[in-house]
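Written below as structure tokens is the structure these notes are about.
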Amino acid sequence: MKDATKFQIEGSLEVKGILRKDERAPGGYEIEVKEIKVYDYGKPFPLKGDEDDRYNTKCTDIYG
């Protein structure tokens, strides 16, 4: 479980467990995690949220 704290925003994983309805949880459900399989921890994401459009198009490939 402590490996889960290493994930970056672009990481990829598979979670197995028991899904339970819980009114206190965001979305109304909670997962009791039994197993985590790591595919990729990801790399630091270059965008922080305060960049202008020029910076975004230079640093990402979503604009082609």
Per the filter on segment 6-22, residues under 19 Å from the mean Cα position of the chain (by Cα) and of a type in the set (D, E) are E10, E14
When segment 21-63 is checked residue by residue, the ones that are in a loop (DSSP other than H, G, I, E, B) and at pLDDT 90 or above are D22, E23, R24, A25
By residue number, the members of segment 6-22 that are touching a helix residue (DSSP H, G or I) at 6+ places or on another chain (Cβ under 9 Å) and surrounded by fewer than 10 Cβ atoms within 10 Å (Cβ to Cβ) are K21
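The values are calculated or read from the model by the stated rules, or taken from the named source; none is laboratory data. Predicted, not measured: the structure shown is a model, and the values here were computed from it. Positions of Cβ are generated from backbone atoms using ideal geometry, with glycine treated the same way; all protein chains shown enter the neighbour counts.
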